[in-house]
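**Student:** Got a structure for you, questions after.
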Amino acid sequence: MAPAPGTSERPALRWVRRLAPWVITGAVVTAILVKYPIGRIVEEMHKGNALAMVPVALGTTLIIWFTATAGDFVLLRPLAPRPPGYRFLMKSKAGLSMLNALGMALNYGGFALWIHRVAGCGWRTSGGAVLMITLCDLVAVSVIGSAAVWLGGDGLPDESRAQLELVAPIVAAVSALLLFVPKPATDARPVFEPWRRIPRLNRLASVMARGGTIGMLILASWLASRAFGLPVPLSAWASFLPVLLVIGALPVNVGGMGPVQAAWLLLFDPWASGPQILAFQFLWHLCLVVGLFLRGAPFIRGVIADITRGQGGQASAPGAASPSTT
């Protein structure tokens, strides 16, 4: 069958989208290493106390396991034709979160596949659920970032503080508006099914659970930086880590590398040298990834088996659209 008119460029555009993150990441990392030679970064790694960061990372991955699961549980229970139990969702989240090592975008994609195949939602409804999850994350990080700037921003550089005071509340307001304003009842598009089926109270509970996760990551990053020897104050972590989480979730990063490193250098420049910042960022990211893999390794085979069986994807609850139509 001949391609439809106007579609001949789609394969090329698809390759551009696939290669763009690698090209951007390669260019950014190369520019950083030209300015800060890898030998200086390794030297800072040896100077810092990397072993003291390990228990902080392992404890953090265990604690946020509960809050991250709760944030998704309150959304999926009223939405999914086969709503998962909390313990089952915990195991599945542990396995799926191993994709975090390859990037948040891939993690979200994997979770959308799980929602479709295991929880029994249609493809478009699964995409809508991930969209709602993303908005919950945005509300949580922007609210925490705004509060941190208002309450403890006196110790931040004036320019950074002014930018956060302007941008963070706008992001919080826009994302909250999109999250909590209901979609018209006459709009039957499956992607908006989460807005019709999930109560606002559940959405608020999800935001609060995610706020707990972010708060724990802020505290853990501060403790790890103190253990390593990076003199960044808690107020800076509370203000800047939400920004770094958003940048790190962008699909232009590959395997935790890319523009996010440039953001680390820019934001924490007042407190440490470039090589020291990069040394800590790499080791802290590595510690968290190891924690995620240790947490998820016992469950990954079961998660893959659940997705392969598609036990939820074949369910047809009353009033639920079939996967083939959604």
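**Student:** With respect to the numbered conditions (1) closer than 17 Å to VAL232 by Cα; (2) at pLDDT below 75, which one is the sole condition not fulfilled by ALA185?
**Tutor:** Only one criterion is unmet by ALA185, namely (1).
**Student:** Looking only at residues that are of a type in the set (D, E, K, R) and at pLDDT 90 or above in the stretch 110-163, which one is most open to solvent (accessible area, probe 1.4 Å)?
**Tutor:** ARG124
**Student:** Kindly establish whether ALA188 is of a type in the set (A, V, I, L, M, F, W, C), part of a helix (DSSP H, G or I) and more than 16 Å from the chain's Cα centre (by Cα).
**Tutor:** no
**Student:** Additional query: Give the residues of the stretch 29-71 that are among the hydroxyl-bearing types (Ser, Thr, Tyr) and modelled with pLDDT under 95, sorted by residue number.
**Tutor:** The first filter runs over the stretch 29-71 and keeps only residues among the hydroxyl-bearing types (Ser, Thr, Tyr), leaving 30, 36, 60-61, 67, 69.
Answer for the stretch 29-71, where residues must be among the hydroxyl-bearing types (Ser, Thr, Tyr) and modelled with pLDDT under 95: THR30, TYR36.
**Student:** Shifting gears a bit: Criterion first (touching a His at 6+ places or on another chain (Cβ under 6 Å) and within 27 Å of VAL143 (Cα to Cα)) does GLY256 satisfy it?
**Tutor:** Values: touching a His at 6+ places or on another chain (Cβ under 6 Å): yes; within 27 Å of VAL143 (Cα to Cα): yes.
Here the answer is yes, as GLY256 does meet what is asked.
**Student:** Output the residue which, of all residues in the stretch 220-271 that are in a helix (DSSP H, G or I) and among the aromatic types (Phe, Trp, Tyr), is most open to solvent (accessible area, probe 1.4 Å).
**Tutor:** So the residue we want is TRP222.
**Student:** Take the conditions surrounded by 20 or more Cβ atoms within 10 Å (Cβ to Cβ) and free of Cβ contacts under 8 Å to residues at least 40 places away in the same chain and apply them to PRO55. Does it pass?
**Tutor:** Details: surrounded by 20 or more Cβ atoms within 10 Å (Cβ to Cβ): no; free of Cβ contacts under 8 Å to residues at least 40 places away in the same chain: yes.
Judged against the criteria, PRO55 is not a match.
**Student:** Cβ-Cβ distance below 9 Å, separation of 6 or more or different chains: which pairs start in the stretch 198-210 with a residue that is closer than 12 Å to ASP137 by Cβ and end on one that is hydroxyl-bearing (Ser, Thr, Tyr) and open to solvent by less than 20 Å² (accessible area, probe 1.4 Å)?
**Tutor:** Filtered contacts from the stretch 198-210: ALA209/THR69.
**Student:** Let me ask something else. Pull up the stretch 197-219, narrow it to residues that are of a type in the set (Lys, Arg) and buried (at least 17 other Cβ atoms within 10 Å of the Cβ), then point me to the one that is modelled with the lowest pLDDT. Give the derivation first.
**Tutor:** Within the stretch 197-219, the first condition is being of a type in the set (Lys, Arg), and the residues that meet it are 197, 200, 203, 210.
Restricting the remaining residues to those that are buried (at least 17 other Cβ atoms within 10 Å of the Cβ) gives 197, 203, 210.
Values: ARG197: 92, ARG203: 97, ARG210: 96.
The selected residue is ARG197.
**Student:** Under 20 Å from ALA263 (Cβ atoms) and either free of Cβ contacts under 8 Å to residues at least 60 places away in the same chain or polar (S, T, N, Q) (or both), is that true of ASP137?
**Tutor:** no
**Student:** In addition: In this structure, is LEU241 farther than 24 Å from HIS46 by Cα, at pLDDT 90 or above and of a type in the set (A, V, I, L, M, F, W, C)?
**Tutor:** yes
**Student:** With respect to GLY120, is the statement that it is in contact with a Pro (Cβ under 7 Å, 6 or more places away or on another chain), in a loop (DSSP other than H, G, I, E, B) and within 27 Å of GLU193 (Cα to Cα) true? Walk me through how you get there before you give the answer.
**Tutor:** On the way: in contact with a Pro (Cβ under 7 Å, 6 or more places away or on another chain): yes; in a loop (DSSP other than H, G, I, E, B): yes; within 27 Å of GLU193 (Cα to Cα): yes.
When the stated conditions are applied, GLY120 passes them.
**Student:** Name the single residue that is nearest to PHE293 (Cα to Cα) among those in the stretch 59-91 being part of a helix (DSSP H, G or I) and free of Cβ contacts under 8 Å to residues at least 40 places away in the same chain.
**Tutor:** MET90
Yes/no per residue for (1) surrounded by 14 or more Cβ atoms within 10 Å (Cβ to Cβ); (2) under 21 Å from ASN253 (Cα atoms):
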position: VAL28; (1), (2): yes, yes
position: ALA31; (1), (2): no, yes
position: ILE38; (1), (2): no, yes
position: MET45; (1), (2): yes, no
position: ASN49; (1), (2): no, no
position: LEU62; (1), (2): no, no
position: ARG77; (1), (2): yes, no
position: PRO81; (1), (2): yes, no
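**Student:** Any residue in the stretch 35-47 that is among the basic types (Lys, Arg) sitting within a Cβ distance under 8 Å of a residue that is open to solvent by 40 Å² or more (accessible area, probe 1.4 Å)? List the pairs, counting only those 6 or more apart or interchain.
**Tutor:** Hits for this filter: LYS47/GLY229.
The values are calculated or read from the model by the stated rules, or taken from the named source; none is laboratory data. As the structure is a computational prediction, the values presented were derived from the model and not from experiment. Every residue, glycine among them, receives a Cβ derived from its backbone with ideal geometry; neighbour counts consider all protein chains shown. The accessibility values were calculated without ligands, DNA or RNA, using every heavy atom of the protein model including side chains. Shrake-Rupley method; radii C 1.70, N 1.55, O 1.52, S 1.80 Å.
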